[in-house]
Amino acid sequence: MALSDFDLVLFGGGGDLSMRKLIPALYARHRAGDLPPSAQIVCVGRHPWSDAEFVEELNRNAKPNIGEKVFQQEAWNAFCASVRYVSLDATNADSYDPLVDLLRNDAGLTRVFYLAVSPTLFASICHNLHRRGLATEHSRVVLEKPLGRDLASAKQINKEVSQVFKESQIFRIDHYLGKEAVQNLLALRFGNVLFEPLWRREWISDVQITIAEELGVGNRMGYYETSGALRDMLQNHLLQLLCITAMEPPLSVGADAVRDEKLKVLHSLKPFTPTTLSRNVVRGQYRAGHVEGKPVPAYRQEKGADPDSNTETFVAVRAEIDTWRWAGVPFYLRTGKRMADQLAEIVVRFKPIPHSIFAQSTNSFVPNCLVIRLQPDDGLQLNLMAKTPGDGMRLKPVELELDFAETFKTPRMDAYERLLLDVLRGHLTLFMRADELEAAWEWVEPILRYWEQEGNEPIPYTSGSWGPAAASALIGRDGLQWREEVLPE
Ligand code: BG6
């Protein structure tokens, strides 16, 4: 569906996210022919660049972030022609003059303000946009994470932003919701009859959701020290994946239909108690080690790190959902930096067969398992038991594998491309609603408070491993193992 003409204003336009993700995503949609020729992208920052200097800055970042294969000089030049740069002080409404001059005054035009800046600036930018008459009832605002650092600050952000924009104009980004595999999970669950009857406590033993990264914190130490893995990944990405996995069938894929169901999941998460906090949450921090055969430093030795830092780079949690569908089924969530592999997956493990009619001596039964892979590539894997060919009745675990790139052979779309298109079209389904955001913070808040207690330090784990041994113990107490612990070498 073609986009109508727009002015897109990127606050933080010269920043890391803009250069690494947003500009490449917009360029990709430009190359695909989605952006109207007269669309305007206005990057806003404090640095006093001219348009030409900013384009030089874009050029410097283009190839490494877009990739040599996709980069095409002519298309890039045409794209850059639609980019403007405005230098202003986001906290000072008087400095917004150049922005006021640039934005077109046409009620039929889509106007989007994308705030890729610190959340401490959200309120003042929204109020300043209002003061300068830029926030009209047709404009939209996009809020990048982190959306607060606890429940109180998230509420405050929601309150301030809602003084200027209606909920239907607010797009809270969680880029995991834009990933192809997450949408495929919806297709899998609600486009087939096969899984839904089994998608419940009677048939599912446990669900594991892992986002493991080989990378360390890189040059984001300043941000990461104020965040840690819980705020950076668990409160948002992991909980959103849990919601999509566990929610009841929504009435439609309409924004509120889906968000109502996700909210119910968040409200049904069993709250932590002092006992479950100590048993069901593991917090780790990487030490020096090897990743992909190369030595890497400890978190505390990274550039700009506090040598006594207690910021966690790993978190694992055992969650439970108190509903008829899920009562008693553990959901294990974990994420970490400098892990043994770069992967994101949802593993749904089914219960063992109730009774075997085959000779036990020659067969060992591996319960069925469905793996929804988000990274490094999108795919589905279903593990079944099958007979080995030949004489006798020997059963063996086999894998049915669906590789989406291989199957569909159509170009992939990055999460930010999809989400930006949705913002420009005004589709809210893949964005978090205010109440969802607050419910997610409400559930994780006791973990934050527990960690603040004295002496509560993260457990060290070796870079290039799967995290602290306590994470294996967490799942081991239920007589289970993480998927990689049961995979054949
Ligand atoms: C971001 C986090 O939201 O997600 C980063 O701030 C993390 O710390 C990133 O590396 C992971 O996203 P992806 O899409 O690369 O898995």
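Tabulated data for the structure shown
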quantity: Strands (runs of 3 or more DSSP E) wholly inside region 239-296 containing at least 3 residues that are in contact (Cβ under 8 Å) with a residue 40 or more places away in the chain; calculated: 281-287, 289-291
quantity: Some residue of region 158-169 being within 16 Å of the ligand (Cβ to nearest atom), of a type in the set (A, V, I, L, M, F, W, C) and closer than 20 Å to Leu424 by Cβ; calculated: no
quantity: Filter result for Glu485 (surrounded by 16 or more Cβ atoms within 10 Å (Cβ to Cβ) and touching a helix residue (DSSP H, G or I) at 6+ places or on another chain (Cβ under 8 Å)); calculated: no
quantity: One residue from Glu442, Glu438, Glu401 being assigned to a helix (DSSP H, G or I), open to solvent by 60 Å² or more (accessible area, probe 1.4 Å) and out of contact with any His (no Cβ under 8 Å at 6 or more places or on another chain); calculated: Glu442
quantity: Enumeration of residues in region 120-155 that are surrounded by fewer than 17 Cβ atoms within 10 Å (Cβ to Cβ), of a type in the set (Val, Ile, Thr) and more than 16 Å from Arg231 (Cβ to Cβ); calculated: Thr136
quantity: Top-ranked residue of region 313-324 - restricted to ones that are in a loop (DSSP other than H, G, I, E, B) and open to solvent by 10 Å² or more (accessible area, probe 1.4 Å), ranked as nearest to Asn280 (Cα to Cα); calculated: Glu320
quantity: Evaluation of Tyr27 against (1) more than 25 Å from the chain's Cα centre (by Cα); (2) of a type outside the set (Asp, Glu); (3) within 19 Å of Asp422 (Cβ to Cβ) (one fails), failing number; calculated: (1)
quantity: Check on Glu457, over 23 Å from Gln208 (Cβ atoms) and within 23 Å of the chain's Cα centre (by Cα); calculated: no
quantity: Of residues in region 1-58 being of a type in the set (Phe, Trp, Tyr) and buried (at least 22 other Cβ atoms within 10 Å of the Cβ), the one farthest from Val117 (Cα to Cα); calculated: Tyr27
quantity: Residue count for region 445-455, restricted to those that are open to solvent by 30 Å² or more (accessible area, probe 1.4 Å) and either touching a residue at least 24 places away in the same chain (Cβ under 8 Å) or within 22 Å of Val347 (Cα to Cα) (or both); calculated: 3
quantity: Residue selected from region 64-119 under the condition β-branched (Val, Ile, Thr) and in a helix (DSSP H, G or I), by the criterion least open to solvent (accessible area, probe 1.4 Å); calculated: Ile66
quantity: Lone qualifier among Lys337, Lys351, Lys409 - being within 16 Å of the ligand (Cβ to nearest atom) and basic (Lys, Arg); calculated: Lys337
quantity: Candidate set from region 222-234 (those that are assigned to a helix (DSSP H, G or I) and open to solvent by 10 Å² or more (accessible area, probe 1.4 Å)); member that is nearest to the ligand (Cβ to nearest atom); calculated: Met233
quantity: Looking only at region 184-213, and only at residues there that are assigned to a helix (DSSP H, G or I) and free of Cβ contacts under 8 Å to residues at least 24 places away in the same chain, the one that is farthest from the chain's Cα centre (by Cα); calculated: Pro197
quantity: Residue within region 165-174 that is open to solvent by 10 Å² or more (accessible area, probe 1.4 Å), closer than 30 Å to Gly467 by Cα and not hydrophobic (A, V, I, L, M, F, W, C) present; calculated: no
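For every residue, the table says whether it meets (1) touching a strand residue (DSSP E or B) at 6+ places or on another chain (Cβ under 8 Å); (2) within 16 Å of the ligand (Cβ to nearest atom); (3) under 30 Å from Pro460 (Cα atoms).
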position: Asn192; (1), (2), (3): no, no, no
position: Arg200; (1), (2), (3): no, no, no
position: Ile209; (1), (2), (3): yes, yes, yes
position: Arg220; (1), (2), (3): no, yes, yes
position: Ala257; (1), (2), (3): no, no, no
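The values are calculated or read from the model by the stated rules, or taken from the named source; none is laboratory data. Computed from a predicted structure; not experimentally measured. Cβ: placed from backbone, ideal geometry, glycine included. Neighbour counts: every protein chain shown. What goes into the accessible areas is simple: the full protein's heavy atoms, side chains included, and nothing from ligands, DNA or RNA. Shrake-Rupley method; radii C 1.70, N 1.55, O 1.52, S 1.80 Å.
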